[in-house]
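These notes are about the structure you will find just below.
The values are calculated or read from the model by the stated rules, or taken from the named source; none is laboratory data. Please read all numbers here as calculations on a predicted model, not as lab measurements. Methodologically, a virtual Cβ is constructed for each residue, glycine included, from the backbone with ideal geometry; neighbour enumeration extends over all protein chains shown. The protein model used for the area step is the full one, side chains on, heavy atoms only, and it has no ligands, DNA or RNA in it. Shrake-Rupley method; radii C 1.70, N 1.55, O 1.52, S 1.80 Å.
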Amino acid sequence: MADSALLSEIQLLSLSSTSSSTSTSRQDANENDNVDLTEKARAAVYAGPPRRTIGNDNAIFDHDDPKIKEDVIRMIVQYLQDEGYVASIMTIQDETSVRFAESLRNRSHFKRIKAAILDGEWVEMEKLVQKTPLKDHKHFIYAVYKQQYLELIEQLEYQKAFALLTKKLKPLEQMGSLHNEFKDLCYLLTCKSIQDAAFFKTWEGVASSREKLVDQFSSMLEIENNDIAVARHEVQPQRLLHLLKQAVRYQIEFSRYHPKVVPSVPTLLEDYSCFVLPNAHKTTFRGHRSNVKCVEFVGEEGTQIVSGSSDNTLRVWDVEDGRCVRVLGDGELGSGGGHTSRIWDVTSSSSGDFIASASGDSTVKFWNLRGSNKTPCSATLAGHEGDVYSVKYHQSNNYVVTGGYDKTVKLWDARTGVLLRTFSGHKSSVSRVIFNPLGNLVISGSKDSTLKFWDLVSGVCVKTYSSHLGEVTSVEMNKAGSFLLSGSKDNSNRLWDVRLARPIRRFKGHQNTSKNFVRASFGPDESLVVGGSEDGFVYIWDTATGEILQRLGSHSPESHTDIAYRAVWNAHQSLLVSCSHDCTVKTWWYDEQQMWDQDDDI
């Protein structure tokens, strides 16, 4: 049963990620090969911390409200209609059964009817009329036949005109009884010109007459309040595109950095963010009583930071003012239920409601950040033998994966705490575990110097990388799942092309050889790699060239004074955060006044 539920979630994630992965892969292929990233960074202007003037976005509207769902469908249908995707519109309407479907279908026919009238395509027009309620609108049908009849008279096609008069106009005679109009229509069969009949002395020719018929038709559609009328709550023109442009403007306006010129947004599949190359210290977070092994932004928004320390506690910090807003696991401060050994790793759910921590006490603990309980530890996972070095949430937030000293990788149900699967195959401790972007694979790095890819459902190891010369301490993957970043105790981080199954670039200059877990990850736009080092600096490399762009702390009295274990970037906050053996957590930003690192020894 558990495997079936997991497989269903993986399939859904795969479907939802396909278009995004394709777009990002294309971006990877065309990555700014020769772009000077320092010049790109200078195009950003600091505009202050992201503003949160509204509060909870979920309170703005209920996305489950049937009316809201109908509005969304209507905008999608309007866009498809504007682009000419008629078959797609029909499919959507059939599947959604929305109330306005018939009106939208008629509207499409009405546009084609107008075009047919202006072009004199009377056979096509009659076919279209039969698909709409107009087929029962006798005044309109009479006006159309009259137009055809007058055109035949003007062309001196009297035989065809007589046939049309007797077969089609005669049954509708009462529609033309006003001012003896039908009588004059009959009289025209004996005339040399349409103007010879009293009722048609103002006839101005075929083109003008057709335009008047279209105007009459349009006016009728606006006035009539029935099924063929356009829906009362009209969708504004290009409504979906208008909202998308508003969304991008919002992302730009509420971001920490603004571009100096209006940007050209290449994709709508991810939030816009101004490219930033951190070059200066921003805030130092103090409070831990021992070294800080791990740090993460809480949730996708990242308005808070969570750090884990060898003092056995987790601390939650406010990104802006550096306040410690919560201590988790410290009995003296009333949290209770905490770890009894150092905390090696921490991960957050995408919503930021929960975090999970991995510890040297052989357990993983879940913490409810939104609850009001005095003991926020909501569950404890016990199953590893020895230290748990790594923990990571699945994209669905329903599962976590862990790895540790006992050489195993374990998959857990985050909702129930049930162990779903154990992946065995590494010959030494597992130092880092992650999910791939599609959520169907687990990737693990180990002290045995290998990286392994595990199928989530079958538990089989489907691929192994073994080019590192030292213990693997870090594993990360780009959003498209096309590149893998790994770090090891050979003083290097490597970028792997997953499609070719080989490393394509090395990032060097930092120090990573001792017993510590020094980790690296992708930075802004994935065009940067950021990572810690045993020399206390935070390094930033150019993904495309492997060159060091920044060594944060080398020009600042606020640098880490001991090993920098990890550096993590958050696009929503446009900030880099690092943690260190010096018991501090630091954030880094882009300061226009700060000099770029020009040390000769890097």
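Here are some notes:
- For region 320-327, putting each phi into the Karplus relation 6.51 cos²θ - 1.76 cosθ + 1.60 with θ = phi - 60° gives couplings of 7, 9, x, 5, 7, 8, 6, 10 Hz, in residue order, rounded to whole numbers and with x for Gly and Pro.
- Cα lying deepest toward the dipole's positive end in the chain, options Val418, Ile443, Gln78, charges on Cβ: Val418
- Cα convex hull of the chain - mean projected area over all directions, nm²: 35.3
- Straight-line cross-link reach from Lys515 at under 21 Å between alpha-carbon atoms covers these lysines, not counting any fewer than eight positions away in the same chain: Lys293, Lys407, Lys427, Lys447, Lys489.
- Phi angles of region 282-294 translate, via the Karplus equation with coefficients 6.51, -1.76, 1.60 and θ = phi - 60°, into HN-Hα couplings of 10, 9, 10, 9, 10, x, 5, 9, 8, 4, 9, 7, 8 Hz per residue; Gly and Pro are given as x.
- According to the calculation over all Cα-Cα pairs in region 291-589, the P(r) per 5 Å bin from zero is 1, 6, 13, 18, 21, 18, 14, 7, 3, 1, 0 %.
- Under 9 Å, Cβ to Cβ, from Ser362 - net charge with Lys/Arg +1 and Asp/Glu -1: -4
- For Asp345, residues with placed amide H under 5 Å, excluding near neighbours: Ala358
- Between amide H atoms placed 1.01 Å from N, distances below 5 Å from Tyr389 occur with Gly403, Gly404, Tyr405, all of them 5 or more places distant or on a separate chain.
- Restricting the calculation to Cα atoms, region 522-590 shows an Rg/Rh of 0.95 when the hydrodynamic-style radius is the Kirkwood one.
- Axial C-alpha extent at least 27 Å, average Kyte-Doolittle at least -0.5 - helices from the chain (DSSP): 2-29
- Placing +1 on the Cβ of every Lys and Arg and -1 on the Cβ of every Asp and Glu, with no other charges, gives the chain a dipole of roughly 900 debye about its Cα centre.
- Other residues with beta-carbon under 13 Å from the beta-carbon of Phe517 carry, at +1 per Lys or Arg and -1 per Asp or Glu, a net charge of +4.
- Expressed as a whole percent, the proportion of Cα-Cα pairs in region 250-356 lying more than 19 Å apart is 54%.
- Relative contact order for the chain, counting Cα pairs under 8 Å that sit 6 or more residues apart, in percent: 12
- Summarising the amide proton neighbourhood of Arg326: residues at separation of 5 or more, or on other chains, whose placed amide H is nearer than 5 Å comprise Val316.
- Of all accessible heavy-atom area on the chain, the percent that carbon and sulfur account for (1.4 Å): 50
- Listed by chain and number, the aspartates and glutamates placed with their C-alpha closer than 15 angstrom to that of Lys111 are Asp82, Glu83, Glu102, Asp119, Glu121, Glu124, Glu126, Glu211, Asp215, Glu222; residues fewer than eight positions away on the same chain are left out.
- Per residue, the chain reaches -8000 deg cm²/dmol at 222 nm when only DSSP H runs of four or more residues are counted, each adding -39500 (n - 2.57).
- For region 291-589: relative contact order, % (alpha-carbon pairs under 8 angstrom, 6 or more apart): 11
- Two-decimal Rg to Rh for region 478-595 - Kirkwood Rh, Cα set: 0.96
- Per residue, the solvent-accessible area of the chain (1.4 Å probe, heavy atoms of protein chains only, all protein chains present) comes to 47 Å².
- Taking θ as phi - 60° and the Karplus parameters 6.51, -1.76 and 1.60, the scalar couplings of region 547-553 work out to 7, 6, 9, 8, 10, 5, x Hz in sequence order, x denoting glycine and proline.
- Taking a straight Cα-Cα cut-off under 18 Å and skipping sequence neighbours fewer than 8 places away in the same chain, the lysines within cross-link reach of Lys168 are Lys127, Lys135, Lys138, Lys146, Lys160, Lys183.
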